[in-house]
Amino acid sequence: MGLTVKASGGSSTFKPVPSGMHLARCYRIIDIGTQSTTWKGQTKQQPKVMLQFEVHSEDSDGNPIVTDKGEPMSISKNFTASLGENAILRQELENWRSRAFTADELKGFQLKNVLGAWAMLSVVKEQGNDGNEYTNISSINPVSSQIKKAGLPEGHNELKIFDLENPDMALFETFGNKIKEKIQSTPEWSKKILPTPK
């Protein structure tokens, strides 16, 4: 697919990010490849991309939101890789950047431009179609000038991009099994004749 989008929610943790508004940094972008999606009874094959964020925030009791290892928790959101007029990715990026895309940007926007960028994530709990409760990113918002003036924290994770056109297999090996399986099921993976790791 390549990680240029144009006009036409993560790593799993045992402890979910709590609901609320959280300061976060986009530290990883994953090309998930062409996935089968069903919406209103129609099934489509669409290129998907995942944005992963590390959370630098506190819970309602003022405790840092961290894993059992004391590291920032992470949360992700999947998007159809499109900047079409009604595309959710386009809406989120415009909201995050506080400006609309220019005509030139709509011809091809490099997603690597948001790697390392800070955002305010609105996180909510929602019930999935399977009846289970999930923690999801409902919106990606810009960081206020007040927070920027106070100073942003140091990022924790190394900034990484996984692109199926030029896959970083060492990075692939760090993914959870669900993400690996999604990627391995794609025509892009088959086209590259990539070996399936054991």
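The values are calculated or read from the model by the stated rules, or taken from the named source; none is laboratory data. Computed from a predicted structure; not experimentally measured. Neighbour counts run over all protein chains shown; Cβ positions are idealised from the backbone, glycine included. When the accessible area is computed, the model is the full protein with side chains, heavy atoms only, and any ligands, DNA or RNA have been set aside. Shrake-Rupley method; radii C 1.70, N 1.55, O 1.52, S 1.80 Å.
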Discussion item. Looking at (1) open to solvent by 70 Å² or more (accessible area, probe 1.4 Å); (2) within 27 Å of Thr174 (Cα to Cα); (3) in a helix (DSSP H, G or I), which one does Asp68 not meet, given that it meets all the others?
Written reply: (3)
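Conditions (1) in a loop (DSSP other than H, G, I, E, B); (2) modelled with pLDDT of 85 or more; (3) open to solvent by 30 Å² or more (accessible area, probe 1.4 Å); (4) over 16 Å from Val114 (Cβ atoms), marked per residue:
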site: Met1; (1), (2), (3), (4): yes, no, yes, yes
site: Ala7; (1), (2), (3), (4): yes, no, yes, yes
site: His22; (1), (2), (3), (4): no, yes, no, yes
site: Gly84; (1), (2), (3), (4): yes, yes, no, yes
Fill in: Matching residues in the range 116-163 - criterion: being part of a loop (DSSP other than H, G, I, E, B), open to solvent by 40 Å² or more (accessible area, probe 1.4 Å) and closer than 13 Å to Tyr27 by Cβ
Pro153, Glu154, His156, Asn157, Glu158, Leu159
Response to the item:
Glu92 meets each of (1) part of a helix (DSSP H, G or I); (2) among the acidic types (Asp, Glu); (3) open to solvent by 60 Å² or more (accessible area, probe 1.4 Å) with one exception, condition (3)
Fill in: Test for Glu105: is it acidic (Asp, Glu), open to solvent by less than 30 Å² (accessible area, probe 1.4 Å) and either out of contact with any Leu (no Cβ under 6 Å at 6 or more places or on another chain) or not in a strand (DSSP E or B) (or both)
no
Discussion item. When you scan the range 166-176, do you find a residue that is at pLDDT below 95, under 19 Å from Ala24 (Cα atoms) and of a type in the set (D, E, K, R), even just one?
Written reply: no
